[in-house]
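Chemist: Just passing along the structure, written as C-alpha cells.
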Amino acid sequence: MKLLGIHPNALAYSMTTLGTAMMNMVFNFYYVKLFLNQYKISEAAFHQAQVIFMIWNAFNDPLFGYLQDNSKAPCCSRRQMAILYGAPLYALAFLLPWFPWKHYHENDWLSGLHLVISLCAFDGMLTFVLLAQCALFAEISTRHESRLQLVKYNQVASLVGSTSILFCGLFSDNMENFPHFQAFSVVVAALSNACLCYTGLYSTSQYELKESPGDNTNPDGKSELSWGSVILLTKQILTQKNFLLFLAMNFFQVFHVAFFSNFMMIFADNLIPKDALSSSVRSIMYGAGFICPQCLVLISHSWLKKYGYYKVVLYSFYVEGATAAVMFIFGQDHYYLLGLYLTINMVIVQASFSLFNLPLADIIDADLLKFKRKSPLSSMVFGTNALFTKPAQSLAPMVIVSMLNQFGYENLNNKVMQPDPSLFSGLHEAMFYLICLVPLGIAVIQILAWTPFSIRNSHKANWIVTL
C-alpha cells in the first residue's frame, strides 16, 4: 500500500464512507418520492412517521454514543468491531423501503407503518456505524495534517459512492422502472456491506489498546452506564460555547441538506418542463448534485490547509445566500439557470457539510483538555450533536410537504380525479419561492451563528487548544 502512496489506515477508514455514501444518498434521494408518489401514503401518516422518526433519530445518537464510549462489550467499545458487526444489519435496513409489503392502495395505513419501520431501522444502524466511524476520525490522530488526510480520503470515497445516484437514475430511469431500481438497491447493499467490513477488519486508532475508554469523571461512584453519568457528561459537553454555536449552525445545515436531498427531484420535475431537460440530462444533474460536492472539497484541500475550515465554511454560507438572491431576481422561467442553481446550491451545501467533522474533532480535543479526561468522549460529542441537530432531518420533509399540500401537491399525481393543470400554477410559484427563500434565510442564520465560533486556527502548526 505504502509503495503505491496509499495510507492503509486512511484507506480502511474511508471504506466506511464509500459504503455509507452509496446507501445514504440513494435512500435520502428516493424514499420521499417513493412513499408519496408510488405508495400513496397519506399526509397524516407521513407526518406521524416523521414525528416518530424525529424522536428516535434524536435520542438514539447520544444513547449509542454513551454506550460506545463506556461499554465493556467489544462490539460497542471498539470502533472497528461496532462497524464490522453493524455492517450487515445496516445493509438489510437499507433494503427495507424498496420492497412493499403488499400492493398499497391510496392512504393505506400499512404504508405508514412501512415508512416508520424503514426510517427507524435505517437510522438506527446508520447511527451505530457512523458514530463509531466519527469517533475513529477524532481518535486516529490529533494532528490537523492527519485529519485533513482523512478528509481527503473520505471525499474520494464519498465521490465514488455518490455515483450510486447517477447510475441508479440511469439504470432505473429515475425510478420509473421500479424492478430495475430494486435490483440496483440489492447490489448497492451487498457492495456497501463489503466496504464496511473492510473498515472493521483493517482500521486502527491510537486509543484502541485502552480496554476501558470513557472518562475519569464517574459521578458519585455510580455505575458506568447510569443515567446520572449520562446526564453529567452531556452537561459538561454542553458547557462549551463553541459547541453550542456549532449546534445552532449545524441544525440549519442538516435542515438544508435534507431539504435538497428529499425535494430536488420533485422541484426539478415540476418547475422544469420535460422538453427543456431530457430524462438522461436530469439524471446527470441529480448525480452531479451528489458527486460534485466531493470534487469541490478535494479542490479546496489547499484552501483548508491555508485558511482553515472556519473561513471556508463561512464563505460557503455567503455564496449560498448570494446565489439564492440572484435566482429569485431572475425568476422561475429561466429553466436552464434554475437547473444550474439547484445543482450548484446542493453541491455547496453538501460540500460544506462534509467538513463538519473537523470542528467537531477540535471540540472533542478541547473537551478532553478542559475536563482532563483519560480518553476522548468522541462518540458522546458526536451523539450529543446529533441529539439537537437530527430533528431537522425530519422537520424538513414535514414542513415542506405541509406547505406544498396547501397548494394542491397531494392531488398532483391523482390519476382518478384528473385535476386541471392550471390549478397548479400556485403550486409551482410556491415551489420556486421555497427553493430561493429557504436557502437565503438559512444562510443568514448560519452566518450569525458561525461568526462567533472561536476555534479558527487549528490549521496552523503552532496551534494550541484554548478553553
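The values are calculated or read from the model by the stated rules, or taken from the named source; none is laboratory data. Please read all numbers here as calculations on a predicted model, not as lab measurements. Because the Cβ atoms are built from the backbone with ideal geometry, glycine has one as well, and the counts that use them run over all protein chains shown. Keep in mind that these areas ignore ligands, DNA and RNA; they rest on the heavy atoms of the full protein, side chains included. Shrake-Rupley method; radii C 1.70, N 1.55, O 1.52, S 1.80 Å.
Chemist: Along the charge dipole of the chain, which of His105, Leu369, Val319 sits closest to the positive end, that is, farthest toward it, with unit charges on the beta carbon of Lys, Arg, Asp and Glu (+1, +1, -1, -1)?
Modeler: So the residue furthest toward the plus end is Leu369.
Chemist: Still on this model: Can you pull the Rg over Rh of the chain, Cα-only, Kirkwood?
Modeler: Radius of gyration relative to Kirkwood radius: 0.96.
Chemist: Looking at the chain, identify the longest residue range that excludes and avoids all GluC sites (Glu not before Pro) in DSSP loops having at most 13 other Cβ atoms within 10 Å.
Modeler: 212-467
Chemist: Helix-only estimate, please: 222 nm mean residue ellipticity of the chain, summing -39500 (n - 2.57) across DSSP H runs of length 4 or more and dividing by its residues, to the nearest 500.
Modeler: Value at 222 nm, helices only, nearest 500: -25000 deg cm²/dmol.
Chemist: Would you mind telling me the share, in percent, of accessible area of segment 1-207 contributed by carbon and sulfur at probe 1.4 angstrom?
Modeler: Here it works out to 69 percent.
Chemist: So for the chain, taking the charge dipole from beta-carbon charges (+1 Lys/Arg, -1 Asp/Glu), which of Gly441, Met25, Ala132 sits furthest toward the positive end?
Modeler: Ranked along the dipole, the leading option is Ala132.
Chemist: How large is the accessible surface per residue of the chain, computed with a 1.4 Å probe and reported in Å² as a whole number?
Modeler: With the other protein chains kept in place, the chain gives 41 Å² per residue.
Chemist: Beyond 27 Å, what share of the Cα-Cα pairs of segment 1-207 remains, rounded to the nearest whole percent?
Modeler: Tail of P(r) above 27 Å: 35 percent of Cα pairs.
Chemist: Continuing with this model, one more query. Under unit Cβ charges (Lys, Arg +1; Asp, Glu -1), what dipole magnitude, rounded to 20 debye, does segment 239-454 have relative to its Cα centre?
Modeler: Magnitude of the dipole: close to 1020 debye.
Chemist: Within the accessible area of segment 236-339, what % is carbon and sulfur when the probe is 1.4 Å and the other protein chains stay in place?
Modeler: Carbon plus sulfur share of accessible area: 71 percent.
Chemist: Would you mind checking Lys152/Lys274; Lys72/Lys235; Lys33/Lys390; Lys311/Lys370; Lys72/Lys390; Lys305/Lys370 for any pair whose Cα atoms are more than 31 angstrom apart?
Modeler: In this structure, Lys152/Lys274 lie more than 31 Å apart at Cα.
Chemist: Looking at segment 47-127, which chymotrypsin sites (Phe, Trp or Tyr not before Pro) are DSSP coil and have at most 13 other C-beta atoms within 10 Å of their C-beta?
Modeler: Those that pass, being in a loop and sparsely packed, are Trp101.
Chemist: Work out which trypsin sites (Lys or Arg not before Pro) in the chain are exposed loop sites (DSSP not H, G, I, E or B, at most 15 other Cβ within 10 Å) and give the longest gap free of them.
Modeler: Of all site-free stretches, the longest is 275-371.
Chemist: What is the magnitude of the charge dipole of the chain about its Cα centre, with +1 placed on the Cβ of each Lys and Arg, -1 on the Cβ of each Asp and Glu, and no other charges, expressed in debye to the nearest 20?
Modeler: That gives the chain a dipole magnitude of about 1480 debye.
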